[in-house]
1. Under a crude label model (7 Å from the Cα following the beta-carbon direction), how far is SER121 from LYS148 in nanometres?
2. Would you kindly state how much longer the chain becomes between ALA246 and GLN103 on full extension, computed as 0.36 nm times their sequence separation minus their alpha carbon distance, in nm to one decimal?
3. In nm, give the distance between the simple-model label positions of ALA218 and LYS65, each being 7 Å from the Cα along the Cα-to-Cβ direction.
4. Pull up the cross-link candidates among the lysines for LYS148, meaning alpha carbon to alpha carbon under 24 Å and not fewer than 8 places away within one chain.
5. Between THR227 and HIS73, how many nm apart are label points set 7 Å from Cα along the C-beta direction?
6. Can you give the FRET efficiency for THR44 and GLU91, using 1/(1 + (r/R0)^6), R0 = 30 Å, r = Cβ-Cβ distance, to the nearest 0.05?
7. May I ask you to derive the FRET efficiency for HIS164 and THR53 from their Cβ-Cβ distance with R0 = 45 Å, giving the value to the nearest 0.05?
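Just so it is clear, none of the values below were taken in a lab; they were calculated from the coordinates. In this text the structure is predicted, and so the values were computed from the model without any measurement. As a convention, Cβ positions derive from the backbone with ideal geometry for all residues, glycine included, and neighbour counts pool all protein chains shown.
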Amino acid sequence: MTLHFLPTPRRTVSFRAYATNPVGMSAPGPVVNYVLSVLPAPPTILFMDVSITTLSSGGGASSYKPVLTVIWHGDQFRAAGYIVKAAPVSESGALGTWANVAQIVGGDVFRAQISNVTISSRYAISVAGYVTDDDGAFAQSGPSSTPKTIIIAQAPTTTDLYVHRPASSQFGGDRVSLEWQPEPYTGFPILHNLYMSQLGPSDLTASPLTLIQANISATKANVTGLTSGTIYTFAVRAVNALGAGAMSVPSEPVYAIQSPAS
């Protein structure tokens, strides 16, 4: 005998045996009840994404800690909850061991935050829905979503600082254009602070670097008002929510000469 049920949590099936004598009289036996649990099919994750946010304890830039925010969409009518998984990823792209990092109880919750992540690391994130048995215990997990890799960056660095002279003057002039190359990706928006140091015509000891432009969102800047006869160098420091990175290597020396009158 084969029984077919819709995927409802529990069904009770009753059986009774009958004995038949030679003249066709039957005597029923006792009723035996069987409780059958029929689990719904585990849910499938339809969409999943990961982003980096930050939390601050109020102690300045160094107090910012990275937090991964995971969002997804699944079949809320079948899911009893969801499990968020993470695995470390090497720079070559090799996956480490998967570990459960969050469990969400309830099929209508599609968001989780992971705070125990390490700066300067890479993680693959995946989500799977699960169903429970009649007692509410974990019974079966559905297929995991396609993993997404995300980088938890540290404070950014800046490299390759270039100095460009104005095209209108071959004598240097009182202004320069600077351009630099930041890290390609840090996980946070990056701003740049521009510093300048100068050497006098008779004293070749460089002065301390002085901040001259702050919170530059672009990767280039113009500096005007340079004093004729003074040698300048420039440096850039990138800043994100995790703090300030190392200062770039100073630029080549710039010797300012007053532009000739036209």
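1. Taking the simple label geometry, SER121 and LYS148 are separated by 1.9 nm.
2. Stretched out fully, the ALA246 to GLN103 stretch lengthens by 47.6 nm.
3. Distance between label points: 3.9 nm.
4. LYS65, LYS85
5. Taking the simple label geometry, THR227 and HIS73 are separated by 6.3 nm.
6. E between THR44 and GLU91, to the nearest 0.05, is 0.40.
7. E between HIS164 and THR53, to the nearest 0.05, is 0.75.
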